[in-house]
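Below: the structure, in structure tokens.
Computed from the coordinates by the stated procedures, all read-outs in this text should not be read as laboratory data. These numbers were taken from a predicted model, which means no experiment stands behind them. Note that each Cβ is placed from the backbone with ideal geometry, even for glycine, and that neighbours are counted across all protein chains shown.
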Amino acid sequence: MLRRATEDDIPALGRIYIEALQETYRGILPESYLSGLTLAEGEATWARILQKPEQEVLVDQQDGAVAGLVSYKPDGERSGCLNLASLYVDRRSQGRGVGRRLIRTVWERAREMGYEAVSVGVVQDNLRARGLYERLGAVYQNDCEYRFGPYPVICRCYVWPLAAVLPAGGAAEAGRQGTSGSPCLPHGRG
């Protein structure tokens, strides 16, 4: 069941977030940084995000537990885009379509809100996430830098043009290959 996250979800959101960071970025970020991450920090991060009026957080709840989460907000860099800001799936639920379901939900929300595309940034060395996004038709835009604490990483920025991934009939055909163009333009260039 997909639903909006609440304060009651903060412990699960924090746990999934910290576990995902520690597993996904092992070998990418220093072990000292990853091992120093705490559940309390994860919970505080999601408590702050839930308070942001411009950012929505959804959870996929299965068998009474949070299986995954996604957050999205207006893209501050590209007009016409809703930004998929975070996507994390509990390790016990990976490979079950949770991530795809959450991504498609963001596409549908973007269309309802009048956006032309959904943008996403992913750490360049996160090959699993990049592969998923590319299989779902994400179109590469550019590289940028992101920081985990004091540690910079290179990210790849993608967009999903909604006309390519959500046909007029809805999400039934969602996920087919996107086009090479993008309706998202950097602010001030459209």
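Restricting the GluC sites (Glu not before Pro) of region 80-124 to loop positions (DSSP other than H, G, I, E, B) with no more than 11 neighbouring Cβ atoms within 10 Å leaves nothing. Using the Cβ-Cβ distance between ASN142 and GLN22 with R0 set to 35 Å, the FRET efficiency from 1/(1 + (r/R0)^6) comes to roughly 0.80. The relative contact order of the chain, computed from alpha carbon pairs under 8 Å that lie at least 6 residues apart in sequence, is 17 percent. Taking other C-beta atoms within 10 angstrom as a stand-in for reagent exposure, LEU102, LEU82 fall in the order LEU102, LEU82, fewest first.
Stokes-Einstein diffusion of region 64-129 at 10 °C, 1.306 mPa s viscosity, Kirkwood radius from Cα pairs, rounded to a whole number: 125 µm²/s. Put in line by how crowded their Cβ is, counting other Cβ atoms within 10 Å and starting with the fewest, CYS144, CYS81, CYS157 read CYS144, CYS157, CYS81. The ranking of VAL89, VAL118 by Cβ neighbour count inside 10 Å, starting from the fewest, reads VAL89, VAL118. Of interest is the spacing of the C-alpha centroids, which for region 96-123 and region 66-82 amounts to 7 Å.
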